[in-house]
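The values are calculated or read from the model by the stated rules, or taken from the named source; none is laboratory data. Given the structure is predicted, the values throughout are model-derived calculations rather than measurements. Positions of Cβ are backbone-derived with ideal geometry, glycine not excepted, and every protein chain shown enters the neighbour counts.
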Amino acid sequence: MIQVSGDSMEPTLAHGDDIMVDSSDAAERLRDGIYVVRLDDGLIVKRVEVGPKKAVHLRSDNKLHPDIENVDLSRMAVIGRVMWAGRKIR
């Protein structure tokens with residue numbers, strides 16, 4: 001379980017949401033979906049899009065945040081696929 005920090009994945013995931021991450025579904029099985037990845041020195045939650053020739057793009061659901069195109073895989077470690085999300089009802 002990890003808690004989301006920030007608003008880059010809103011409205012799908014909001015700041016403070018709890019997410020369950022399947023670490024067995026990581027780099028070896030990377031496919032389109034929402035993942036937790038380590039990029040440089042930080043953990044981020046992004047929508048992964050795998051393109052032709054295994055090009056990887058990291059997408060934000062919130063259009064106020066830029067996407068990261070053609071990620072250099074040497075900069076990225078896949079922590080796991082997001083399998084569940086929950087939030088407090090306000």
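Residues in the range 72-90 that are of a type in the set (K, R) and assigned to a loop (DSSP other than H, G, I, E, B) were compared, and the one that is farthest from Q3 (Cα to Cα) is R90.
Every test in (1) over 23 Å from R90 (Cβ atoms); (2) touching a Phe, Trp or Tyr at 6+ places or on another chain (Cβ under 7 Å); (3) not acidic (D, E) is passed by G42 save one, and that test is (2).
Of the residues that make up the range 12-27, is at least one at pLDDT 95 or above, of a type in the set (S, T, N, Q), out of contact with any Leu (no Cβ under 8 Å at 6 or more places or on another chain) and in a loop (DSSP other than H, G, I, E, B)? Within the range 12-27, one or more residues are at pLDDT 95 or above, of a type in the set (S, T, N, Q), out of contact with any Leu (no Cβ under 8 Å at 6 or more places or on another chain) and in a loop (DSSP other than H, G, I, E, B). Counting only residues that are part of a loop (DSSP other than H, G, I, E, B) and at pLDDT below 90, the range 30-52 holds 4 of them. Would you check if there is a residue in the range 76-87 being exposed (fewer than 14 other Cβ atoms within 10 Å of the Cβ) and free of Cβ contacts under 8 Å to residues at least 40 places away in the same chain? No, every residue in the range 76-87 fails to be exposed (fewer than 14 other Cβ atoms within 10 Å of the Cβ) and free of Cβ contacts under 8 Å to residues at least 40 places away in the same chain. Which of the residues belonging to the range 53-63 are buried (at least 18 other Cβ atoms within 10 Å of the Cβ) and outside any strand (DSSP E or B)? Matches in the range 53-63: S60 only. Comparison of D72, D18, D40, D22 shows that the only residue that is among the acidic types (D, E) and on the phi > 0 side of the Ramachandran plot is D40.
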